[in-house]
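In what follows, a single structure is set out as structure tokens and then discussed.
Only the coordinates and a few stated rules stand behind these numbers; no lab work does. Everything numeric here is computed off the predicted structure, so don't read it as measured data. Methodologically, a virtual Cβ is constructed for each residue, glycine included, from the backbone with ideal geometry; neighbour enumeration extends over all protein chains shown.
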Amino acid sequence: MPKVKIPRKSTIVDMTAMCDVAFLLLTFFILATKQKPPEVLSVKTPTSVSSKAAPDKSILITLTKEGKVFLMLGDETKKAAIIDDFNTTRGLQLTGAQLAKLKKAEYIGLPVNQLKSALDAPQEIPASLMAGIPTDSTNNELSFWMRSVTNAYKGEDQRLLQDMILVKGDGDALYPIFKSVKEALKANEIFKFRIVTEGEQVPAGSELYKTGKEDKK
Amino acid sequence: MAEIETKRSADKKKRFHQKSTRVDLTPMVDLGFLLITFFVFTTTLTTPTAMNVILPYDKTPPSDLICESCVLTVLLDKNNRIKYYEGAVENGPLIKETGYAPDEIRSVLMLKKAKVKRARGDEGQFILLIKPTVASNFKNFVDITDEVTICQVKRYYIGELGDADKRLLLKKL
């Protein structure tokens, strides 16, 4: 019997298809990832059982550990209007160039009296050196900023605005700072806002766990 | 890597060497999947949540009557401690101390809730007053409001410390 020749099959696997799939998925994930805004202010938020995601378009008030207050206007469509309104209502008399620079800034963290000189300065002041927006009861500038915010949204759906106002605070920030932020919001008749937190599991066996629904407060 | 060379015995004829145009895609696939894993992890892990807070409209004084025994007041003290008492501060209530751990403040809230239900037949009458002191921090405030959600307390108010509360805090336990 002659030897049966078994044809040797090639072990080469065509990788092209796999490569295609890998990169297709890669592209999808890159596009689906929302670019997280660079965190210039390091804030460690507390945790809560709330499962609602924070909106990405927001008016964010940040409280740092040191007790400084920063304001970020995340709604690009209204940012210019808010800053213009603040300029006119507070009588800042900023020049066009200064206004443009302020509108480009990612966050506002300076008292009004330092704003002008900071805008003229060639170099940007790092967040750690900013004084924060004053919120004390005698000079609550945050309240003026919030007034401009409410002015800019006048005549629009107020629920939309309510959903956008976020307070993000460091867990170690002292309560009085939060209280003055609260006062600033209250002064502008904003009674509903949200606090940005890190997610947390609902504790097993608790009341919320049993009913399984979050209170619609 | 992914291929084992197999000699072709068929063409024995010597031709001038022709290089294969095939490229080994294995490293590229590796890299692709590595990046995918990276992006998958970063997308799911950074989703901050938002917790609702509603402030009372306090331009007009509240007019609804509440029962005194239904009220529990928690004072957020320094060093992550809580002091609490039942009823009105004027009547010199017994002040107790607790913390933020699950078995501490949560059980206090649940006990009071059950107590109100037994006495009034409706746990909805339970009222929680939260009074943060100047020494408490933001995390304490978020924790206590979170505890309110966890225990499903229907009515709670965030108030300021009165003089009587301050005196109570100064008192030794």
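Please rank B:Asp163, B:Asp143, fewest neighbouring Cβ atoms within 10 Å first, as an exposure proxy.
If I rank by nearby Cβ atoms, fewest first, I get B:Asp163, B:Asp143.
In what sequence do A:Thr33, A:Thr138 fall when counting other Cβ within 10 Å, fewest first?
By the 10 Å Cβ count, ascending, the order reads A:Thr138, A:Thr33.
Within 10 Å, Cβ to Cβ, of A:Pro134, how many net charges do the neighbouring residues add up to if Lys/Arg are +1 and Asp/Glu are -1?
-1
With a 10 Å Cβ neighbour count serving as the proxy for reagent exposure, in which order, fewest first, do B:Thr21, B:Thr26, A:Thr62 appear?
Result, fewest neighbours first: B:Thr21, B:Thr26, A:Thr62.
Please give the FRET efficiency for A:Lys192 paired with A:Thr27, using the beta carbon to beta carbon distance and R0 = 56 Å, rounded to the nearest 0.05.
0.90
Compute the acute angle (0 to 90°) between the alpha-carbon long axis of helix A:175-187 and the principal axis of greatest extent of the alpha-carbon atoms of chain A; round to the nearest 10°.
70
In Å and on Cα atoms, what radius of gyration and Dmax does the range A:46-123 show?
In order Rg, Dmax, the Cα atoms of the range A:46-123 give 14.7, 46 Å.
What FRET efficiency comes out for B:Lys19 versus A:Gln123 if R0 is 35 angstrom and r is the Cβ-Cβ distance? Round to the nearest 0.05.
It comes to 0.05.
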